[in-house]
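Below is one structure; the comments refer to it alone.
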Amino acid sequence: MQGSLAAPQSRMLKGKAHSNQITGASGMDFILTEEQQMIQQVAREFAQQEIVPVAATFDASGNFPRDTIARAGELGFMGVEVPEQYGGSGLDTVCYALVMEEIAAADAAHSTIVSVNNSLYSTGILAYGTEEQKQRFVTPVATGKAIGCYGLTEPQSGSDAAAMRTRAELSADGSHYLINGKKAWITSGPVADYMVMFAVTNPEKKAKGISAFILDTHQPGFIRGKTEPKMGIRASATCEIEFENFRCPAENRLGKEGQGFAIAMDILDSGRIGIAAQSVGIARAAYEASLQYARERKAFGSAIGSFEMIQHKLADMKCKLEAARLLTLQAAWKRSRIKGTSERCTLEGSMAKLFASEAAMFCAHAAVQIHGGMGYSKELPIERYFRDAKITEIYEGTSEIQRMVIARLETGLR
Ligand code: CAA
């Protein structure tokens with residue numbers, strides 16, 4: 001362990017490292033470092049002991065799980081990659097992906113909240129913010145004392161993010177921006193203390209006329225709409241946000257005027273790795289439950305896992321799960337390696353997110369089928385995995401957008 005990890009280590013690492021490889025199936029050296037194994041183990045213990053017991057209750061109520069999220073903050077999971085001087089754990093992107101997988105395997109909704117604080121909110125401020133912005137806006141969120149959110153989508157602009165209409169107009173004296181407009185589908189919006197958001201500062205310049213801002217959501221003019229009643233990840237709160245003459249101090253602009261769209265995309269490059277890891281967690285939970293059920297459940301005098309039709313499903317689930325994890329960790333490794341340079345991990349992040357989200361959906365669907373009637377019952381978490389998996393193919397760029405990004409990068413054509 002490096003010196004900089006001393007603080008999170010003492011906060012996080014109550015468990016002992018144990019030999020825990022990414023996958024046992026290959027001759028290549030895919031063994032995690034000691035530090036990565038330790039984080040994985042601590043995250044697994046936290047997720048299994050503290051999140052699993054409450055997941056169904058929060059799914060049913062749709063309430064925001066404040067206590068477990070505060071606990072995740074204490075353990076250092078709300079700022080895994082955030083440097084220690086800003087309240088984080090100072091770890092790499094692989095550690096972040098491992099934490100996300102573990103938390104998602106226990107409950108996808110919790111992992112959504114974790115992912116927004118870590119990647120969508122903190123990443124952009126760390127990469128483009130001033131020292132003062134990092135101190136003031138990252139520290140409370142990375143320690144889990146405050147919640148962050150990310151405002152890109154609008155009612156009329158989802159996949160076509162550059163078509164946003166929310167306006168930010170600089171005051172004549174240059175002291176503040178006046179923000180008016182509406183954002184939609186804001187994850188953690190109902191409870192967030194701060195928001196990294198994007199608004200048009202020069203409508204003639206389209207994508208190049210968008211700028212990024214950090215807002216204190218407790219200021220006048222920040223109006224939260226009703227919480228969306230969602231199919232899955234129900235404990236992760238989502239709402240519309242309306243801005244009515246919201247005054248954002250000029251010093252809270254993130255990056256340069258006109259740089260906002262590139263910042264939004266850069267943030268999504270890392271966000272998509274988090275969603276890929278979340279998908280791996282959901283796929284794993286669905287697969288492990290199915291494996292156990294197939295061994296135990298008897299039909300026609302045998303365990304159903306001895307039937308070829310169930311075996312095919314399990315084999316396909318296992319392959320997709322392992323392949324998804326490898327793509328996710330590849331993207332995470334690349335992001336760690338290029339951090340602070342001008343290189344991008346857009347392709348790797350999109351490939352991981354696309355493949356892993358579809359693997360999660362495949363595994364959750366197969367898990368319901370393997371469990372039969374019990375897969376359809378709320379007595380088991382299987383139907384929750386199925387509902388939760390679907391969002392991974394939609395948010396942070398739909399599967400259609402990921403295919404477009406990958407194909408554009410591969411062909412060089414648009
Ligand atoms: N990094 C940095 N800059 C980037 C970039 C990246 N990954 N991708 C694009 N850019 C830059 C481009 O280089 C370009 O600048 P130049 O002209 O100087 O080269 C500029 O941004 C515009 O790029 P494009 O022409 O490619 O833009 P586009 O309008 O064709 O859109 C898109 C591209 C990929 C479709 C993009 O709009 C997109 O990703 N859409 C999906 C939006 C999305 O993922 N929304 C998720 C919302 S958040 C969410 O879901 C959170 C949640 O609930 C948890």
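The values are calculated or read from the model by the stated rules, or taken from the named source; none is laboratory data. Remember, predicted model here, so these are calculated numbers, not experimental data. Virtual Cβ from ideal backbone geometry, glycine too; neighbours counted across all protein chains shown. The accessibility values were calculated without ligands, DNA or RNA, using every heavy atom of the protein model including side chains. Shrake-Rupley method; radii C 1.70, N 1.55, O 1.52, S 1.80 Å.
Dimensions of the stretch 9-147 based on its C-alpha atoms, expressed as ranges along the principal axes with the largest first, amount to 46, 37, 25 Å.
Structural size metrics of the chain, computed from C-alpha coordinates, are Rg and Dmax of 21.2, 81 Å.
Protein heavy-atom surface of the chain, 1.4 angstrom probe: 53% of the accessible area is carbon and sulfur, with nucleic acids and ligands not counted. For the stretch 283-372, GluC sites (Glu not before Pro) meeting the loop criterion (DSSP other than H, G, I, E, B) and having at most 15 other Cβ atoms within 10 Å: 343.
At q = 0.14 Å⁻¹, what log₁₀ I(q)/I(0) does a Debye calculation on the Cα points of the stretch 149-260 give, no solvent, two decimals? After summing over all Cα pairs, the log10 values are -0.51.
Taking every DSSP beta bridge that has both ends in the chain, the antiparallel portion is near 85%. Determine the distance separating the Cα centre of the stretch 194-226 from the Cα centre of the stretch 304-366; give it in Å without decimals. When both Cα centres are located, 33 Å separates them. Dipole check for the stretch 265-411: with +1 at the C-beta of Lys and Arg, -1 at the C-beta of Asp and Glu, and the Cα centre as origin, the magnitude is about 220 Debye.
At a probe radius of 1.4 angstrom, the accessible area of the chain per residue rounds to 43 square angstrom.
The listed peptides 97-109, 262-274, ordered by packing as a protection proxy, come out as 97-109, 262-274 (highest mean of other Cβ atoms within 10 Å first).
Of the lysine pairs in the stretch 149-260, how many meet both conditions: Cα atoms under 18 Å apart, and a spacing of 8 or more in sequence or different chains? Summing the qualifying lysine pairs gives 8. Straight-line reach from residue 320: taking Cα to Cα under 24 Å and skipping same-chain neighbours fewer than 8 places apart, the lysines in range are 334, 353, 390. Think of it as helices only: each DSSP H run of n ≥ 4 in the chain is worth -39500 (n - 2.57), and spread over all residues that comes to -15000 deg cm²/dmol at 222 nm. For the stretch 64-212, the convex hull spanned by the alpha carbon atoms encloses 121 Å³ per residue.
For the stretch 265-411, the alpha-carbon coordinates run over 61, 26, 24 Å along the three principal axes, in decreasing order.
Derived scalar couplings between HN and Hα for the stretch 138-153 equal 8, 3, x, 7, 5, 8, x, 7, 9, 10, x, 9, 9, x, 10, 5 Hz in order, rounded to whole Hz, by the Karplus curve 6.51 cos²θ - 1.76 cosθ + 1.60 (θ = phi - 60°), x for Gly and Pro.
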